[in-house]
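First up is the structure itself, then whatever we jot down about it.
The values are calculated or read from the model by the stated rules, or taken from the named source; none is laboratory data. In this text, all values refer to a predicted model and were calculated from it rather than measured experimentally. Cβ placement follows ideal geometry from the backbone for every residue including glycine, while neighbour counts extend to all protein chains displayed. These area figures cover heavy atoms from the full protein model, side chains too; ligands, DNA and RNA do not enter into them. Shrake-Rupley method; radii C 1.70, N 1.55, O 1.52, S 1.80 Å.
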Amino acid sequence: MKEKIIIFDTTLRDGEQSPGAALTVKEKVEIARQLARLRVDVIEAGFPVSSPAQFEAVQQIAETVPVTVAALARARAADIAAAARALANAAQPRIHTFIGTSDFHILGKFADARYGRTLKEKRHTVRQMAVDAIQQARSYVADVEFSAEDAGRTPLPFLAEIVQAAIEAGATTINIPDTTGYTLPDEFAEIIRYLREQVKGIEQVVLSVHCHDDLGLAVANSLAAIQAGARQVECTINGIGERAGNASLEEIVMAIKVRGNRLPFYTDVNTQEIYNTSRMVSTFTGFVVQPNKAIVGRNAFAHESGIHQDGMLKNRNTYEIMHPADVGVPESRIVLGRHSGRHGLKARLIQLGYELSEKDLDHIYQRFLELADRKKEIYDEDLRSLMGDEIQSTAQALVLERLQVVVGTDSIPTASVRLKIADAPCEESATGDGPVDAIFKAIDRATGYSTEVVDYQVRSVTAGRQAQGEVFIRVRVQQQEVHGRGVSTDILEASARAYLQALNHFLHHQQVPTHSVEV
Ligand code: KIV
Ligand code: ZN
């Protein structure tokens, strides 16, 4: 009999904590819808107390998707109350509260004497804070998860003690995070076994793990943990997350599916939605998936050498342990052209994970026709870009209305922009070291911002001369790193759009710095 592994997706919380990945509420809701189609069990939607945008995202996601929605909260009364408010309309709300339990965390975060003078006293306070938080959370919702942050480096007797207290206080899921990605698979499995042996009542709760990838072991540690008795895995699409990221959802789910002979488990994930979800998360976060990334990288199913190609032609199983279709990688890429109708476009967008109202469809169809005028064949990747652009560009404070660039071997690059800034027109020009620099300077003049460009990448959306150019940019504005993405058949226009989108992301998250909450 196979046992179920609960898939807890934290792309929208831990994943979004990757520097420069901050998403708008609209982008998060769209990703949450796709996660629901992927059939994850739990969506961690954000950290409501940390900013109004985080609060609103959790609230909207809770109202939109019919799966369990978790909200993160430190073990503090105000955090728990904010999480409960944000989840008020959720069909299945979960409050996820956490506190640091390793000596590093306790001595670092609770250094103040009001938490106790000795490590022993401070541990006592931390345990009590956890108990209070769980009891408060239980007064709002029945489903409460407790995480012992940095459990991977927490002395085992204290870990068992706080887990025991958390269960007695009413936690229904106990999460064991390897917050710093420090442990090795056999060591992490031992922690899980130890807790199962030492903690009374642990069989009544769901034991969960949350592994970071600092040593590249997040997936291996998660799999070792489920073999040792964990039944929930926390993970993210494309493995994004703090620092080196989290365990990648697609790798865990496919390892369980492909290696059923050694892993007697199953998940409810619809693996054929993996590729769509990966592409959507990459588009919205601006984190390009490396070509050799397992499961979803461009080369994951490409066979280059003659020997491999020959083997594949004779029998796919020679070099393939799963088929591209199992994870939703499309077989054929050409889809539509300028004579394709609205229905054809709508049907293809639904297959790619986008559901549209008739009004939105009218708008996207016009943009599709404009693109089809410039480009004969429209590929799936073009449609994903178009949709990404559509979702990202609505309700933005800064809008590009016109761009003119003069460039040549003998002239100084000059750019003129006309923007709409909060509905008022504004025109500026500037010269620069190159055309892109001139565009960014003209935009800076118009908006009054000064930025540092941290990363700038151009890639073609598809192959061929007519391909659209996609620009990914990361900029630092007032010490905050934000990303932007722009698409056009003209890469200078794509650059301007990407830069403006980064500034729009900055404005969206400006109210309260999202990730600077003291923990
Ligand atoms: O890595 C971590 O410990 C976390 C907790 C908040 C679960 O993200
Ligand atoms: Zn984490």
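When the trypsin sites (Lys or Arg not before Pro) in the range 457-515 are filtered for DSSP coil states and for at most 14 other beta-carbon atoms within 10 Å of their beta-carbon, the remaining sites are 465.
Of the trypsin sites (Lys or Arg not before Pro) in the range 1-85, the ones in a loop by DSSP (not H, G, I, E or B) with at most 12 other beta carbons within 10 Å are 2. Relative contact order of the chain: 13 percent, from C-alpha pairs under 8 Å at least 6 residues apart in sequence. Using the Cβ-Cβ distance between residue 369 and residue 78 with R0 set to 41 Å, the FRET efficiency from 1/(1 + (r/R0)^6) comes to roughly 0.20. If R0 is taken as 30 Å, the Cβ-Cβ distance between residue 104 and residue 454 corresponds to a FRET efficiency of 0.55. For the range 198-252, the carbon plus sulfur part of the accessible surface works out to 47%, probe radius 1.4 Å. Residue by residue, the range 317-326 carries 3J(HN,Hα) couplings of 5, 4, 10, 10, 9, 8, 9, x, 5, 4 Hz when phi is fed to the Karplus relation 6.51 cos²θ - 1.76 cosθ + 1.60 (θ = phi - 60°); x denotes Gly or Pro. Accessible surface computed residue by residue for the chain, with neighbouring protein chains in place and a 1.4 Å probe, gives 43 Å² per residue.
Helix-only arithmetic for the chain: the sum of -39500 (n - 2.57) across DSSP H runs with n ≥ 4, divided by the residue total, places the mean residue ellipticity at 222 nm at -12500 deg cm²/dmol. Think of the chain as a dipole: +1 on every Lys or Arg Cβ, -1 on every Asp or Glu Cβ, centred on the Cα centre; then among 477, 426, 139, 139 lies furthest on the positive end.
How large a share of the accessible area of the range 384-435, in percent, is made up of carbon and sulfur atoms when the probe is 1.4 Å and the other protein chains stay in place? Accessible surface attributable to carbon and sulfur in the range 384-435 totals 50 percent. Mean projection of the Cα convex hull over all viewing directions, computed for the chain: 26.8 nm². Among the trypsin sites (Lys or Arg not before Pro) in the range 93-128, those placed in a DSSP loop whose Cβ has at most 13 other Cβ atoms within 10 Å are 117.
Which entries in the list 4/257; 2/293; 28/375; 28/109 go over 20 Å, if you measure between the two C-alpha atoms of each?
2/293; 28/375; 28/109
In this calculation the C-beta distance from residue 429 to residue 360 is compared with R0 = 25 Å, giving a FRET efficiency of 0.10.
Extending 7 Å from the Cα toward the beta-carbon at both residue 322 and residue 197 defines two label points whose distance is 3.4 nm.
By DSSP, the beta bridges lying fully in the range 175-250 are antiparallel in about 10 percent of cases.
Can you tally the net charge around residue 370? Count Lys and Arg as +1, Asp and Glu as -1, for every other residue whose Cβ sits under 14 Å from the Cβ of residue 370.
Numbers: positive: 338, 367, 374, 375, 376; negative: 362, 373, 382, 389, 390, 490, 493.
Around residue 370, the surrounding residues sum to -2.
Computed from backbone phi with θ = phi - 60° and the Karplus coefficients 6.51, -1.76 and 1.60, the 3J(HN,Hα) list for the range 356-367 is 10, 6, 4, 5, 5, 5, 4, 5, 5, 5, 4, 5 Hz; x is used for glycine and proline.
A simple rule links phi to the HN-Hα coupling: the Karplus curve 6.51 cos²θ - 1.76 cosθ + 1.60 with θ = phi - 60°, which for the range 477-487 gives 10, 6, 6, 10, 8, 9, 10, x, 9, x, 10 Hz, with x for Gly and Pro.
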